[in-house]
Structures are given as C-alpha cells and as structure tokens.
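Encoded as structure tokens, the structure appears first; notes follow it.
The values are calculated or read from the model by the stated rules, or taken from the named source; none is laboratory data. Remember, it's a predicted structure, so these values are computed and weren't measured experimentally. Cβ atoms come from the backbone with ideal geometry, glycine included; neighbour counts cover every protein chain shown. Accessible surface areas use protein heavy atoms only, side chains included; no ligands, DNA or RNA. Shrake-Rupley method; radii C 1.70, N 1.55, O 1.52, S 1.80 Å.
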Amino acid sequence: MSWRISASAQPAEEFLRCLSLRFHNSSSIAKLVYTHRNSSYSSILKSSAQNFRFTTPSTPTPLAIITPFHASHIQATVYCCRKHGLQVRTRSGGHDFEGLSYTAYKVPFVVIDLVNLRSVQVNVEKATAWVESGATIGELYYEIARKTRTLAFPAGIGHTVGIGGQLSGGGLGSLFRKYGLASDNVIDARLIDAYGRILDKNSMGEDLFWAIRGGGGGSFGIVLAWKLKLVPVPANVTACTVSKTLEQNATKLVHQWQSIAHKFPKEIQSSIAIARVNSSEDGKMTIQASYGSVFLGSIDELIPLMEEKFPELGLVKEDCLEMSWAESILYGALSIIGLPLETLLNRTQKSALSQTFFKAKSDFVKQPISESGFEGLWPKFYEDEAKSAVMVLVAYGGKMDEIPETEYPYPHRAGNLYSILYVVNWEEEENKISKKFMNWMRRVYSYMTPYVSKSPREAYVNYRDLDIGTNKFNDDKGSYTEAKVWGLKYFKNNFDKLVYVKTKVDPQNFFSHEQSIPPFS
C-alpha cells in the first residue's frame, strides 16, 4: 500500500499524513491503519461489531480504523484527530448496544480498536490483576481460572464483552450481590487523556478516577489498562435452573420472587429469564419463566436455604450442579454443561446479545409489580415480533444496598428490588422491517411505565438506549440541557459531578459521542 498523499488531500489523507509524521515509520502505519483502500477494511470493521443493526450499508463508517500495539500509537491518533477535527470512537469488545464504539452520525470519525492491547497479568498472592482494555471478560476469567479456583472477579457472564467497556459503565455479574459491580473493584488505571498524557490513579486525581469507574465509556479518555481487586470464591459453586410455564404457576412465582430475592443471602445471585416457548400442547405457545441461581457454596447448603426462603419454587438437588466459578460463567452464558474453559477465549461466540440484530432497553423496579401487571404483559410475548424476545429480571440487595449511590457514578443501589433487561432479536432477512421489532420493544417499554422507577425512570448505561435522549452537537458541543434528559436516567444525581469532571479534564469535548458526558459550555 502506498501512503503518498496528494497536494489536494482529503480529511482522511490529511489524518494519515499526520500519523505518518508522528509514527516516523510508514511501514508501521501499514500494520496498524485500515482505510477504505484496504481489502481487509470491512472485515476489520465488522470483526467485533456485535449488534448487526450497525453493520448495514447505511451505517456510517470511519475514515480509518487504528489497531494500536502500544500506547504511543493511541497518543499519535488522539493528536492527529484533534488537529484535523475528527471524532474518536474506542472499541474493546464491540458490545455497545447502540454501536457507539464503532459508528458515529453526522461527523467524520476514526475508530481505535484495542484488539491488540489485551494482556492479562494475574497475581494470586496479592489477589490482583492488571488487564488491558482490549481483553474480553472471558480472557480475564480464563487467566484467573488457569492459576486458581478460589479467586474470581465480579464482572458479567458475557465472556465476549470487552473489559474496557464493561468497567467504564459498571458491570453486573453473578457476584455483584456479594462483592458489588466490576467497576466497584477497580483499584488503579492507566488512561490517555485528551492531551495525549498517560495518567494513573495518582496523576489523574480523585475526581477523574471516580468518573471512569462507571461514568460510561467515551467521555473522559481512553483507558489503557485497569488494576483489579480479585475476590475469594469457594473451589466449587452451585448453579441451578428451574423453569416454570404459565400453566405451572409462573405468574404467581414471579410475583412472589420480587419480594424475597433481594433479601436472599449475599452468596445467592438470582435471576429470571422470561420468554415465549412451545407448550406441551401441539401448536400452542406459552410463557416460560426460567429461574437461574449461582450460589457460593454446595448443593447441600443451598437446598435447605431455598426450602426456607422460597419453598414454592420447589428447588431440588436434580436442578443443581456443582462446578468451579469459571465453569459457572460458561453455564450461565451458554446453558451448556462441560464446556472446556478454553471456550472463555472465544471472542466470536454467538449469544442473545452478540452477532445478531437486536434492540434492548432497561428498567429498575422499586415496588413489586402486581400479578395483574404481569398478566397484562404476557400477551405482548405472543405477538409475531416477540418470537426471540426475552425479559431478564436480576435481583438486587446484598452488597448493593450497602454502597452509597454517590460512591461511584453508578447510582442504582439501595431501594431497588431488581433490574430488568428487555431484548428483542430478529434475523438478517427481517432487518428491512426492523422498525416492526423496534416498535414492539417500545410498546413493551411504554406498558411497563407505571410499574418501574420514576422521576427519573432509571436506566443502565451499559445497556445503552438512544431512545431516552441524545446529544445533538448543534454547536460541536453536547448541550448540558439535552444531556441531562438521558444523564439523570443513567446517573441520577451523579450526573452533575460527571459534568464537572468532564469540564475540568476535557473542556473542549474532544471525547464525545451521542451519549457522552458534556462539559459546561
């Protein structure tokens, strides 16, 4: 490939010329930079794009994709993007629900893909790990499991999710009732700021270190690596699944679960996945609620505990399996027993929220929903658009009740019974009627309005949802007033502090996107 630039250079060419001057080596650019001229550009762009809604011909594409091997490559990219007025999108796993880590609207942009920055260093003696942002959660879990069965990290069960994105926005997982969120367990970080400086916890200061641990990705800088506090787990944990249909009293059980699951011991993580399934009667459909639990202990300890706390569920030994904590992650994500731990290293594993077309939303519930409320919801799951829809309820309580909502940017702590994730999927051939599925999701969300949190109606930033508001960038800066509409939903009263930090560290709003924290203008 030739990197010679003509006198009448376009923005992409000016940017490339700038990079070549910063790198002092055109051959290194050829290994790191992909433009539309490269035959592999499209495959690189789509390589970790998880929501296929944003891989269609109408999706805006970057002027260039940078795949850095060193911090200096990111510093050069930041410098050249600032110089030539280009926005930056940073991608670790590509799981942003609205594709904001690899696309942008109405602005020329460059993607920094951290796929080559994914080292994981686990220190068992100190119970810590340094992990680069381009590593997946699965790669982190694998390295921990390779060294010990009795340490873990409280991140999510989606093992293809990039660690950088998850830590930036929170990170719910099977250990969060015991140990808090993934971002609650970050003890240091190395970040490149808008001026290209590399900062650690001490040099970035208390406020910025607070903001990057849950304040959402893409607002404050590019985190190169994170130092994590690992947590103790038993050598064997217990994973259980019990499924009940409407005909098996699912509505009453879901209704009852709401009032007790948040009071379970911290060692139990409890969730319910609700979806449409075939019933035992030919050609008929029903609604099924699948109760999933991970318990930090043995089957023999869990069964009497559940007989005391939730006897109506009827949990028995045959519903449960003992396994290592790492194996429970694979079981929870894929519902398959006996997969080798190397499966955690598979960065392209397909799931309900990866390598598919989908729309998702989130809610938080503070008062139990009535049985009639659920009964009014079920018919929506019989509609054509809901054939692959799922609604996941995740119990809160435990450690989450003990952490003040201002301690980290993620504010959804005490007072929440559970969170809800709604997802609707569709196939590639159905994408031409994607509005039909999107509208189904919005109807469900509208129906749930009376039953969920209010003033604001809260949402989880890692379940990104542009329906709740976006920055317009009318004057090249996101407006505080516009941003507050969605910002209060994600961050509640922490939003203003995030704006204060943003104003201090990036007043020109270099790191920005459709839902980035704006500076005060």
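Size descriptor for segment 120-232, Kirkwood hydrodynamic radius: 13.9 Å (Cα pairs only, one decimal).
Think of the chain as having a plus end and a minus end, set by charges on the Cβ of Lys, Arg, Asp and Glu; of Val501, Ser168, Asn416, Val501 sits farthest toward the positive end of this dipole. Spin-label model, Ile44 to Asp384: label points 7 Å out along the Cα-to-beta-carbon direction sit 4.2 nm apart. Extending 7 Å from Cα along the Cβ direction at Tyr195 and again at Leu466 yields two label points whose distance is 3.3 nm.
By the Cβ distance rule (another cysteine Cβ under 4.7 Å), the unpaired cysteines of the chain are Cys81. What's the FRET efficiency of Asp300 with Leu334 using the Cβ-Cβ distance as r and R₀ = 30 Å, to the nearest 0.05? With R0 = 30 Å, the Cβ-Cβ based efficiency is 0.70.
State in Å² the accessible area per residue of segment 244-374; use a 1.4 Å probe, count heavy atoms of protein chains only, and round to the nearest integer. The partial results should precede the final answer.
Working: 5870 Å² over 131 residues.
Per residue, segment 244-374 has an accessible area of 45 Å².
With Cα atoms defining each centre, segment 414-467 and segment 312-350 are spaced 27 Å apart in the structure.
Going by accessible area, probe 1.4 Å, with all protein chains left in place, what is the ranking of Lys399, Lys472, largest first?
Values: Lys399 65, Lys472 110 Å².
Result, largest first: Lys472, Lys399.
Measuring nothing but how far apart in sequence close Cα pairs (under 8 Å, 6+ apart) lie, relative to its length, segment 120-232 scores a relative contact order of 31 percent.
Would you rank His513, His36 by solvent-accessible area, highest first, keeping every protein chain in place and using a 1.4 Å probe?
Final ranking, largest accessible area leading: His36, His513.
Using the Cβ-Cβ distance between Lys106 and Lys454 with R0 set to 35 Å, the FRET efficiency works out to roughly 0.60.
Residues whose amide H comes within less than 5 Å of that of Asn51, counting only those at least five positions distant or on another chain, are Gln355 (H built at 1.01 Å from N in the peptide plane). Our estimate of slack between Thr503 and Ala71, defined as 0.36 nm per intervening residue step minus the Cα-Cα distance, is 153.1 nm. Annotation: amide H of Ala225 within the under-5 Å range of Ser133, Arg190, sequence separation 5 or more or interchain, hydrogens built in the peptide plane.
Taking 0.36 nm per residue of sequence separation and removing the Cα-Cα distance, the Ala235/Lys31 pair yields an extension gain of 69.1 nm. Considering only Thr59, Thr150, Met441, the residue lying farthest towards the positive end of the dipole of the chain is Thr59, judged by Cα position with unit charges set on Cβ. For segment 383-396, 3J(HN,Hα) computed residue by residue from phi via the Karplus equation (6.51, -1.76, 1.60; θ = phi - 60°) reads 5, 3, 5, 9, 4, 10, 8, 8, 10, 10, 9, 10, 5, 9 Hz, glycine and proline entered as x.
Across the cross-link table entries Lys361/Lys472; Lys244/Lys366; Lys350/Lys436; Lys366/Lys472; Lys361/Lys432; Lys252/Lys484, which are compared at the Cα atoms, the separations over 30 Å belong to Lys366/Lys472; Lys252/Lys484. Applied to segment 221-227, the Karplus parametrisation 6.51 cos²θ - 1.76 cosθ + 1.60 on θ = phi - 60° returns per-residue 3J(HN,Hα) values of x, 10, 7, 6, 7, 10, 9 Hz, with x for Gly and Pro. Distance between the modelled labels on Ser58 and Arg443, one decimal in nanometres: 2.1 nm (7 Å Cα→Cβ projection).
Apply 1/(1 + (r/R0)^6) to the Cβ-Cβ distance of Asp401 and Ala127, taking R0 = 22 Å, and write down the FRET efficiency to the nearest 0.05. Write down the numbers at each step before the final one.
Details: r = 24 Å, r/R0 = 1.10.
Calculated value: 0.35.
One chain, two ends: Glu247 and Asp496. Fully extended at 0.36 nm per residue, the span grows by 84.8 nm beyond their Cα-Cα distance. Less than 5 angstrom separates the built amide H of Cys320 from none of the residues sequence-distant by 5 or more or on a different chain. Remark: the chain carries a charge dipole of roughly 1540 debye about the Cα centre, counting +1 on each Lys and Arg Cβ and -1 on each Asp and Glu Cβ.
Which percent of the accessible area of segment 11-113 is formed by carbon and sulfur heavy atoms (probe 1.4 angstrom)?
55
Taking θ as phi - 60° and the Karplus parameters 6.51, -1.76 and 1.60, the scalar couplings of segment 456-464 work out to x, 6, 6, 8, 9, 4, 6, 9, 3 Hz in sequence order, x denoting glycine and proline.
Over segment 159-237, what percent of the accessible surface lies on carbon and sulfur atoms, probe 1.4 Å?
Of all accessible area on segment 159-237, carbon and sulfur atoms account for 46 percent.
Inter-part distance, segment 51-126 to segment 288-309, computed on C-alpha centroids, equals 41 Å. Taking only protein heavy atoms into account and a 1.4 Å probe, give the accessible area per residue of segment 120-232 in Å². Counting only protein heavy atoms, the per-residue value for segment 120-232 is 30 Å².
Any idea what the relative contact order of segment 320-424 is, in percent, if you count C-alpha pairs under 8 Å spaced at least 6 apart? Intermediate values should be presented prior to the final figure.
Working: 102 pairs, mean separation 32.0, N = 105.
Relative contact order, segment 320-424: 30 percent.
Once the 1.4 Å probe is applied to the protein heavy atoms, segment 11-113 comes out at 40 Å² accessible per residue. Summed over qualifying helices (DSSP H, 4 residues or more, each -39500 (n - 2.57)) and divided by its residue number, the chain shows a 222 nm mean residue ellipticity of -8000 deg cm²/dmol.
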